[in-house]
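Remarks on the structure that follows.
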Amino acid sequence: MEKKEDIRILAIESSCDETAAAVVKNGREVLSNVIYSQIDLHTLYGGVVPEIASRKHIEKINQVIEQALKEAGVTLRDLDAVAVTYGPGLVGALLVGVSAAKAICFATGLPLVGVHHIEGHISANYIENPQLEPPFVCLVASGGHSHLTVVRDYGEYEVIGRTRDDAAGEAFDKVARAIGLGYPGGPKIDRLSREGNPDAIAFPRPHLGENEYDFSFSGLKSAVLNYLNACQMKGIEVNPADVAASFQKAVIDVLVEHSVHAVKAFGYDTFAIAGGVAANSALRSAFEKRCGEEGIRFYHPSPLLCTDNAAMIGAAGYYEYQKGVRHGYDLNAVPNLPLGGVPRK
């Protein structure tokens, strides 16, 4: 197949509570990146309500796509493909984006490229780090996922570690709710932690014997809740900043230790982070310090590209497109879509 000099891809992301569209050129140059966030709406309920998210996607999807094309200065005729997240995520939310992408492809004849949401998060690193190329190890940490992944090549992944219970971002949300911060928990704990002492409370650092790269944050979350309950029963005043800082440090210690261990064990010298938790300032600082000490090159996206967006889907979609990946109009939403096949034993 003859390759054009430039490949422009319209990308669509609707896996959770952001309705997003972007136009990406050659996998790394973002011509537009439009995001409609529903966060204020879901804050009223203390978390994402799937049905509300789906309905809001339906309201906004066409507007977001039109705005992305306008900001990029292109029309549908200027595109080479449409990339869309088809899993994992909320099934109703995913279906809105998949249906919109299929409709555009049916009307224009453009090829359809389905993209794995986590692959998108990993690929966000390519946008702002032109020197980054596989192989490397990537930690994807978000509200729904905690994946430690070996990126062997573009589109080739081996998941070597994952959460056994709560994802890192999910633990942040639950602890934030417990200390009265509300939703979303991650950014609020990040801000409050700057006022607290991270060594004030000795929360546990969970380690699993079965797989040295797996994560478990349920016990840590329970330890925080038990501490708060004990203080309440004994009439001890709680310092929310100290709780937030101590909890955050426990999460960061586990993420850093597992990740650096994996990079060294697999013989790589490059590491990246991705996902909403990767926007956490303390986590970035901890990785910068540790990777610097270990001689590991450390990459991360800007905070905007850590949270759900369509530019990252366009980056991942480009490399899938170059590999010849095409999907038919029978492409469906897959809420539990696995990445990289069977996890490593």
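Observations, loosely collected:
- Qualifying residue in segment 23-46 (condition: in a helix (DSSP H, G or I), small (Gly, Ala, Ser) and under 24 Å from ALA107 (Cα atoms)): no
- Residues in segment 259-281 that are surrounded by 22 or more Cβ atoms within 10 Å (Cβ to Cβ) and closer than 23 Å to VAL175 by Cβ: SER259, ILE273, ALA274, GLY275, GLY276, VAL277, ALA278, ALA279, ASN280.
- Among the conditions (1) among the aliphatic types (A, V, I, L, M); (2) more than 21 Å from the chain's Cα centre (by Cα); (3) assigned to a loop (DSSP other than H, G, I, E, B), the only one that LEU69 does not satisfy is (3).
- Selection from segment 24-53 of residues that are among the hydroxyl-bearing types (Ser, Thr, Tyr), modelled with pLDDT of 80 or more and closer than 20 Å to GLY276 by Cβ: TYR36, SER37
- Among (1) modelled with pLDDT of 95 or more; (2) surrounded by fewer than 22 Cβ atoms within 10 Å (Cβ to Cβ); (3) under 17 Å from the mean Cα position of the chain (by Cα), the one test that SER14 misses: (2)
- Residue match in segment 287-299 (condition: more than 22 Å from the chain's Cα centre (by Cα) and at pLDDT below 95): no
- Residue in segment 216-225 that is surrounded by fewer than 22 Cβ atoms within 10 Å (Cβ to Cβ), over 20 Å from ASP173 (Cβ atoms) and of a type outside the set (Lys, Arg) present: no
- Within segment 250-327, helices (runs of 4 or more DSSP H) holding 2 or more residues that are more than 19 Å from LYS188 (Cβ to Cβ): 281-294, 311-322
Yes or no, residue by residue, for (1) assigned to a helix (DSSP H, G or I); (2) under 19 Å from ALA278 (Cα atoms); (3) modelled with pLDDT of 95 or more:
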{"residue": "GLY92", "(1), (2), (3)": "yes, no, yes"}
{"residue": "VAL96", "(1), (2), (3)": "yes, no, yes"}
{"residue": "SER99", "(1), (2), (3)": "yes, no, yes"}
{"residue": "THR149", "(1), (2), (3)": "no, yes, yes"}
{"residue": "ASP173", "(1), (2), (3)": "yes, yes, no"}
{"residue": "ALA176", "(1), (2), (3)": "yes, yes, no"}
{"residue": "GLY182", "(1), (2), (3)": "no, no, no"}
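- Which numbered condition ALA68 fails, given (1) modelled with pLDDT under 95; (2) within 13 Å of GLU13 (Cβ to Cβ): (1)
- All positions within segment 193-208 that are over 23 Å from GLU170 (Cβ atoms) and either surrounded by fewer than 13 Cβ atoms within 10 Å (Cβ to Cβ) or of a type outside the set (A, V, I, L, M, F, W, C) (or both): GLU195, ASN197, ASP199
- Segment 117-176, subset among the basic types (Lys, Arg) and within 30 Å of SER246 (Cβ to Cβ), residue surrounded by the most Cβ atoms within 10 Å (Cβ to Cβ): ARG162
- The residues listed here are GLU257, GLU294, GLU288; of these, the one that is touching a helix residue (DSSP H, G or I) at 6+ places or on another chain (Cβ under 8 Å), among the acidic types (Asp, Glu) and not assigned by TED's automatic domain parsing to the domain that holds ALA22 is GLU294.
- When ARG290, ARG284 are screened for being without any contact (Cβ under 8 Å) to a residue 24 or more places away in the chain and surrounded by 14 or more Cβ atoms within 10 Å (Cβ to Cβ), only ARG284 passes.
The values are calculated or read from the model by the stated rules, or taken from the named source; none is laboratory data. Given the structure is predicted, the values throughout are model-derived calculations rather than measurements. Please note: Cβ atoms are built from the backbone with ideal geometry, for glycine as well, and neighbour counts cover all protein chains shown.
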